[in-house]
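To start, the structure itself, in structure tokens.
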Amino acid sequence: MLVFSAEVSRALAEGRPVVALESTLITHGFAWPRNLQVATEIEQTVRAQGATPATIAVLAGQITVGLSRDQLEYLATARDARKCSVRDLGIAAGLGLDGSTTVAATMFIAAKAGLRVFATGGIGGVHRGHPFDVSADLTELARTPVTVVCAGAKALLDLPLTFERLETLGVPVIGYQTDDIPAFYSRSSGLRADARADSPADVARIVHARRDLELPGGELVCAPVPQADELPRDAAEAAIAEAQRLAEAQGIHGAAATPFLLDQIAKLTRGASVRANVALLLNNARVAAEIARALRDAGLRDG
Ligand code: PSU
Ligand code: MN
């Protein structure tokens, strides 16, 4: 059912730390050729921290864990790759389609593949002005035991409602070296995280306690964008509001909304949003690799 790259199979067989990576940022988050460059840099960052990257995607219906350079490039240039959330996985696999995986779909596959840590940019959540449009990322976090490292939820979302929903779903939100939940482009949303973890070992302790209790679902580890690349909160909010106004005016919604909005925000901030996005992705990849190592080390001590 799942196809593993040789590199990922070997790492799993040898009990080495592996970090799952999503692929929607390749097909819908960045434009060619930036998308391939960013995906490659994320993988290199994971490797530099002594872990193995496992980018997950659907290639001609095959759910693939760990992509080769050629496969990454294929996906980065594919014109009709479907953005697959959980509901789409069976459709893409059954009909032999190409697809990228969202946070929800990547978590589902990661858990099936035996991967415990996953790095992304921002999770989906509750949309501003459309509180019934709720990403399946939230329900997957509630049921699948994978630790997701992000910079908060996508800045375009309603952050207070998104984190209220996560509370209802029993998903702990851990600030990584911060007391606050980050706001993607900016270091703080003004919302408090449920706990602060200052080291990968702190995160590993929380994850182990949760697995011991057999609590369902995963953990959200939120690492703020590095200071040097942060967009000030006011500037980010102004660009988001203006982009949202343009989307409403042009009647753009649904799956097309995020790519449109990200593009507008990039124009309005003259590329600063893209720089912040890349910086936070690389930072999350590094933190996820460190957590994967800490979980492996703790596992070795237990066993
Ligand atoms: N964050 C971004 N851009 C994105 C996404 C997140 O800055 O494109 C993707 C992630 O893959 C996330 C998905 O899982 O959007 C959520 O989409 P939806 O709201 O359709 O569930
Ligand atoms: Mn959505």
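A short reminder: the numbers here are calculations on the coordinates, not readings from a lab. No experiment lies behind these values; they were computed from the predicted model shown. As a convention, Cβ positions derive from the backbone with ideal geometry for all residues, glycine included, and neighbour counts pool all protein chains shown.
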Original post:
Under unit Cβ charges (Lys, Arg +1; Asp, Glu -1), what dipole magnitude, rounded to 20 debye, does the chain have relative to its Cα centre?
Top reply: 360 debye
Subject >> Cut-off 13 Å, label 7 Å out along Cα→Cβ of residue 168, residues of the range 111-148 by amide N >> reply: 126-127, 131-135, 138-139
Subject >> With 5 Å bins from 0: P(r) over the range 88-156, alpha-carbon pairs, percent >> reply: 3, 16, 24, 23, 18, 11, 4, 0
Original post:
How big is the gap, in Å, between the Cα center of the range 26-91 and the Cα center of the range 228-292?
Top reply: 19 Å
Original post:
Taking the range 203-261 as the region of interest, what is the percent of Cα-Cα pairs per 5 angstrom bin, listed from the shortest bin to the one with the maximum distance?
Top reply: 4, 14, 14, 11, 11, 13, 12, 12, 7, 2, 0
**OP:** Mind checking which of 62, 106, 151 is farthest towards the positive end of the chain's charge dipole, using Cβ charges of +1 (Lys, Arg) and -1 (Asp, Glu) about the Cα centre?
**Re:** 62
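For a quick check of your reading of the filter: which GluC sites (Glu not before Pro) in the range 8-94 sit in a DSSP loop and have no more than 16 other Cβ atoms within 10 Å?
Details: sites: 14, 22, 41, 43, 73; in loops: 14, 22.
For GluC sites (Glu not before Pro) across the range 8-94 that sit outside H, G, I, E and B with at most 16 neighbouring Cβ atoms in 10 Å, the list reads 14.
At 222 nm, what helix-only mean residue ellipticity would the chain give, in deg cm²/dmol to the nearest 500, using -39500 (n - 2.57) for each DSSP H run of four or more?
Value at 222 nm, helices only, nearest 500: -15000 deg cm²/dmol.
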Original post:
So what is the relative contact order for the chain, in percent, with contacts set as C-alpha pairs under 8 Å and at least six apart?
Top reply: 19 percent
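If you wrap a convex hull around the Cα atoms of the range 151-261, how much volume per residue is inside, in Å³?
111 Å³
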Original post:
Can you list the lysines whose alpha carbon sits under 20 Å from that of residue 112, skipping same-chain ones fewer than 8 residues off?
Top reply: 83
Subject >> Label point distance in nm, residue 245-residue 14, each placed 7 Å from Cα along Cα→Cβ >> reply: 5.6 nm
Original post:
the chain: Rg/Rh from Cα coordinates, Kirkwood Rh?
Top reply: 0.94
Subject >> Label-to-label distance, nm, for residues given as residue 139 and residue 77 (7 Å Cα→Cβ offset) >> reply: 3.7 nm
